[in-house]
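Trainee: Here you go, one structure.
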Amino acid sequence: MPVSGIIWILIALISWSQAWSATPEELEQGRTIYERHCADCHGMDGRGDGTLAASLSPRPGNFVSAQTSAKSDQDLLKVIAKGRPRTAMQGWNDRLSEKEQLATLAYIRSLVRFSRSATPPPPTR
Ligand code: HEC
């Protein structure tokens, strides 16, 4: 095979890996973990309205918000792994594997996609 062919395969592989998104199995795993460990505070739909939320200060944020959506995976994974000091959000590193944390984040991201937007869609013309 000519060298250019190998380069094309490499480029294809790199763009494929960057387009990685969670598989249905990973999302399902993320949902199970989320509902068991996170929903009490963050709410079943990620809106920060779990049964424990009212008693917390600061309150858990709303995942389905532009504010959280705009944060990078790295930022959010760091909070999930290490927690946030002086809040009820503790780190999960000793209870969830890295893969489980990734699956849970993928599930959180999917909540945003399936929720209705608070702002009306932009006009089509
Ligand atoms: C005991 C309540 C509680 C539980 C359980 C909990 N969280 Fe949190 N979480 C919080 C609070 C409170 C904050 C907001 C801290 C702040 O205001 O900075 C937070 C913040 C976060 C953030 C950062 C959001 C942002 O926009 O910066 C992420 C991500 C997160 N939690 C994920 C999780 C995941 C995943 C789980 C389950 C594995 C979980 N949390 C379980 C209370 C909780």
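Trainee: From the backbone phi of segment 47-58, what are the Karplus-calculated ³J(HN,Hα) couplings (6.51 cos²θ - 1.76 cosθ + 1.60, θ = phi - 60°) in whole Hz, Gly and Pro given as x?
Mentor: 8, x, 10, x, 5, 8, 4, 4, 8, 9, 9, x
Trainee: If you don't mind, there's one more thing I want to ask. Could you state the number of Å between the C-alpha centres of segment 98-114 and segment 56-70?
Mentor: When both Cα centres are located, 15 Å separates them.
Trainee: Within the accessible area of segment 25-125, what % is carbon and sulfur when the probe is 1.4 Å and the other protein chains stay in place?
Mentor: Here carbon and sulfur together make up 53 percent of the probe-accessible area.
Trainee: Taking each pair of distinct Cα atoms in the chain once, what is the resulting Kirkwood hydrodynamic radius in Å?
Mentor: Numbers: mean 1/r = 0.0609 Å⁻¹.
For the chain, the Kirkwood estimate is 16.4 Å.
Trainee: Once you've got the GNM for the chain with C-alpha springs shorter than 10 Å, pick whichever of 36, 86, 59 has the biggest mean-square fluctuation.
Mentor: Highest fluctuation among the options: 86.
Trainee: Right, next: Under 5 Å between amide hydrogens, which residues at least 5 positions from residue 83 or on another chain qualify, with H placed 1.01 Å from N in the peptide plane?
Mentor: 91, 92
Trainee: Whole number in Å², please: accessible area per residue of segment 21-114, 1.4 Å probe, ligands, DNA and RNA not counted.
Mentor: Per residue, segment 21-114 has 64 Å² of solvent-accessible surface.
The values are calculated or read from the model by the stated rules, or taken from the named source; none is laboratory data. Only a predicted model underlies this, so the values are computations on that prediction, with no experimental measurement involved. These accessible areas exclude ligands, DNA and RNA; they are computed on the full protein's heavy atoms, side chains included. Shrake-Rupley method; radii C 1.70, N 1.55, O 1.52, S 1.80 Å.
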